[in-house]
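The values are calculated or read from the model by the stated rules, or taken from the named source; none is laboratory data. Everything numeric in this text was worked out from a predicted model, so none of it was measured. Counting neighbours? That spans all protein chains shown, and the Cβs are built from the backbone with ideal geometry, glycine included.
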Amino acid sequence: MKILENIFPTSEQIPLEWKLDNFTEQREYLINGELRTWNGPMKVVISPISIKNGTQIIKNSIGSTPLLTEKESLQALDSAVNAYGNGTGEWPTMSIEKRIAHIEQFVVEMKKQRISVVKLLMWEIGKNLPDSEKEFDRTIIYIEDTIRELKNLDHGNSKFENEEGIIAQIRRVPLGVALCMGPYNYPLNETFTTLIPALIMGNTVVFKPAKYGVLFMKPLMKVFQESFPKGVINIIYGKGRETVGAIMATGKIDVFAFIGINKGASDIKKLHPKPHRLRSVLGLDAKNPAFILHDADIDTAVSETIAGSLSFNGQRCTAIKIIFVHESIADAFLKKYTNSLTKLKFGMPWEKDVKITPLPEIGKTAYLKELVKDAKQFGADIINENGGEINDTFFYPAVLFPVNSQMRIYHEEQFGPVVPIVPYTDIEEIINYSVQSNFGQQLSVFGTDSENIGLLIDELANQVGRININAQCQRGPDNYPFIGRKDSAEGTLSVHDALRAFSIRILISTKDNPVNREIFKTIVRENQSNYLRLDYVF
Ligand code: G3H
């Protein structure tokens, strides 16, 4: 505890630049193009960054968000349904060029809010400054790439096919009304990687921000309102059961985009009365393992697994959540891993080079403590100095060794700074772990023998969506497909794939004869259809 005694700042120690000027009271929600003010109950947002006052650690309330009810949620849904107008609304029928112009306007205005958004991300979820900035910048790039990709998609579709005497044009059109929900660890980026593709493809949207990481929406509310026609994007806040539950139960949602826990996704999905009408785009739990083979380059394995397991305190869906190390190099690996860990700076998100920060989830440190206790009971120890020390919302990373299958940490996604390390002797043990796991997002393999690595790739290729060789697991680059098997995902995301996930193809076809040819030619020449056309979106 001694090393954590002064981890939280006194209010005087907070740099002026990063001080929050005031309590962020976020009363507005967006329905049908109107920013409405909520006068009902509010949820107080407690920052993971507590404040030291003498010997006391004081919880820090930094803002509040509306606790809307079923009534407002259904109004938001109605607004999205009306704007979609059974596919004949202004937005779904708008030309791609015009839709892109709305998104471009949004990006221009969003960029102006960078500092406010970054600051609120740091205070609300404890993400360090460079990562908060990266989250913002990556999101902007994602949107810009999405625009470029949509143009490419449209160029490829601006032609006629002729197969077996049938002329056809094949285009992509929206699915309908989308419900988008994001996670607290990437509340801006991950949410926007579904929200923006949903919008740009012509869907109308009801968006509910994550449980934590909500306040940063305040500076963006007006940007959303002013960038889109009314009803196209509706933003609500509140408890999932009252808000999202009511919306889903109507059966009027066509696409459910959710990044979070698979149990939450299943509960919400089950409420939809017409399961075949609902398309789901889900990014869910993961327990990505790193397999360190006997001939691995230990320095590479250490630097990659340190970053992989502890970036943003292990709160990434792609984080390495369990490490298997061959027993012959276990000692050397553990020594270097724990040495590197000692060098990770811990503190407040704005401090230079800080890597380990306080945790935003209520009850999280107690949960991690339970996992450690359970592991100890089955024979593991914390092998790093200060591992598992807690001060309020801060949990110093705990490295557990030797971990085995009796322990909860072997199976559960800890989503935090506890690093379980399992010694293994036989390659079958790591293959079995992957086969038996309920999750199938990614894994990492560290080794130098190409033949061994090749064999392992072949054994594991049907278990996960990505195998990283001598590298940590990660989602990026965002142009690559982000996949999960088993309980880890439904659908594939990437700049390219998301456009497909939020759309469906429509064929306009006819029998190839002179009369029909002339009809098609005239429609195109005279611009008589938004869908049957051969124009080029620059
Ligand atoms: O939480 C899941 C994120 O998509 C991870 O993204 O691997 O780029 O940090 P990342």
Of ALA257, ALA296, the only residue that is under 30 Å from VAL418 (Cα atoms), in contact with a helix residue (DSSP H, G or I) (Cβ under 8 Å, 6 or more places away or on another chain) and outside the structural domain of ASN86 (by TED's automatic domain parsing) is ALA296
The correct count of residues that are away from the ligand (no atom under 16 Å from the Cβ) and either not assigned by TED's automatic domain parsing to the domain that holds ILE46 or not β-branched (Val, Ile, Thr) (or both) in segment 193-210 is 7
Of the numbered conditions (1) without any contact (Cβ under 8 Å) to a residue 40 or more places away in the chain; (2) over 22 Å from TYR410 (Cα atoms); (3) among the polar types (S, T, N, Q), THR300 satisfies every one except a single condition; which is it?
(1)
Has segment 186-207 got at least one residue that is without any contact (Cβ under 8 Å) to a residue 24 or more places away in the chain and either surrounded by fewer than 19 Cβ atoms within 10 Å (Cβ to Cβ) or in contact with a helix residue (DSSP H, G or I) (Cβ under 6 Å, 6 or more places away or on another chain) (or both)?
no
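Table: residues versus (1) in contact with a Lys or Arg (Cβ under 8 Å, 6 or more places away or on another chain); (2) within 28 Å of PHE394 (Cα to Cα).
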site	(1), (2)
LEU30	yes, no
GLY33	yes, no
TRP38	yes, no
MET42	yes, yes
GLY54	no, yes
SER64	yes, yes
Which is acidic (Asp, Glu), within 16 Å of the ligand (Cβ to nearest atom) and at negative phi, of GLU190, GLU242?
GLU190
Pairs with Cβ under 8 Å, 6+ apart, first in segment 474-491 and on the phi > 0 side of the Ramachandran plot and not assigned by TED's automatic domain parsing to the domain that holds GLU135, second away from the ligand (no atom under 13 Å from the Cβ) and among the aliphatic types (A, V, I, L, M)
GLY491/VAL281; GLY491/ALA501
Filter result for SER309 (small (Gly, Ala, Ser) and under 27 Å from the mean Cα position of the chain (by Cα))
yes
Do you know which of the residues in segment 311-338 that are more than 16 Å from the ligand (Cβ to nearest atom) and not hydrophobic (A, V, I, L, M, F, W, C) is surrounded by the most Cβ atoms within 10 Å (Cβ to Cβ)?
TYR337
Outside any loop (DSSP other than H, G, I, E, B), of a type in the set (Val, Ile, Thr), under 24 Å from ASN432 (Cβ atoms) and in contact (Cβ under 8 Å) with a residue 24 or more places away in the chain: is that true of ILE329 in this structure?
yes
State whether one or more residues within segment 278-288 are free of Cβ contacts under 8 Å to residues at least 40 places away in the same chain and either assigned to a loop (DSSP other than H, G, I, E, B) or farther than 30 Å from GLN474 by Cβ (or both).
yes
From GLY476, GLY454, GLY484, grab the single residue that is within 15 Å of the ligand (Cβ to nearest atom) and exposed (fewer than 15 other Cβ atoms within 10 Å of the Cβ).
GLY476
Checked segment 157-192 for anything among the polar types (S, T, N, Q) and assigned to a strand (DSSP E or B); matches are ASN162, GLN169
Total residues in segment 245-296, condition in contact with a Lys or Arg (Cβ under 6 Å, 6 or more places away or on another chain), more than 20 Å from SER503 (Cβ to Cβ) and more than 16 Å from the ligand (Cβ to nearest atom)
1
Segment 351-387: number of residues that are within 13 Å of VAL399 (Cα to Cα), small (Gly, Ala, Ser) and surrounded by fewer than 19 Cβ atoms within 10 Å (Cβ to Cβ)
0
Exactly one of these conditions fails for ASN468: (1) of a type outside the set (Ser, Thr, Tyr); (2) part of a loop (DSSP other than H, G, I, E, B); (3) surrounded by 19 or more Cβ atoms within 10 Å (Cβ to Cβ). Give me its number.
(2)
Which residues, counting only those in segment 386-442, are part of a strand (DSSP E or B) and among the aromatic types (Phe, Trp, Tyr)?
PHE394, PHE395, PHE401, TYR424, PHE439
Selection from segment 15-61 of residues buried (at least 16 other Cβ atoms within 10 Å of the Cβ), among the aliphatic types (A, V, I, L, M) and out of contact with any Asp or Glu (no Cβ under 8 Å at 6 or more places or on another chain) yields LEU20, LEU30, ILE46, ILE49, ILE51
Just one of PHE502, PHE482, PHE415 is more than 19 Å from ALA286 (Cβ to Cβ) and of a type in the set (Phe, Trp, Tyr); which is it?
PHE502
Mind checking which pairs have a first residue in segment 1-25 that is more than 17 Å from GLY347 (Cβ to Cβ) and in contact (Cβ under 8 Å) with a residue 40 or more places away in the chain and a second that is surrounded by 10 or more Cβ atoms within 10 Å (Cβ to Cβ) and aromatic (Phe, Trp, Tyr), Cβ under 7 Å, 6 or more apart or different chains?
LEU20/TRP123
Only one of THR146, THR139 is farther than 23 Å from ASP535 by Cβ and within 24 Å of the chain's Cα centre (by Cα), namely THR139
If ALA101 satisfies all but one of (1) without any contact (Cβ under 8 Å) to a residue 60 or more places away in the chain; (2) in contact with a helix residue (DSSP H, G or I) (Cβ under 9 Å, 6 or more places away or on another chain), what's the number of the condition it fails?
(2)
Just checking, does segment 211-230 include any residue being surrounded by 24 or more Cβ atoms within 10 Å (Cβ to Cβ), within 16 Å of the ligand (Cβ to nearest atom) and either among the β-branched types (Val, Ile, Thr) or not in a helix (DSSP H, G or I) (or both)?
yes
Could you tell me which residue of segment 497-534 is surrounded by the fewest Cβ atoms within 10 Å (Cβ to Cβ), considering only residues that are touching a residue at least 24 places away in the same chain (Cβ under 8 Å) and within 16 Å of the ligand (Cβ to nearest atom)?
ALA501
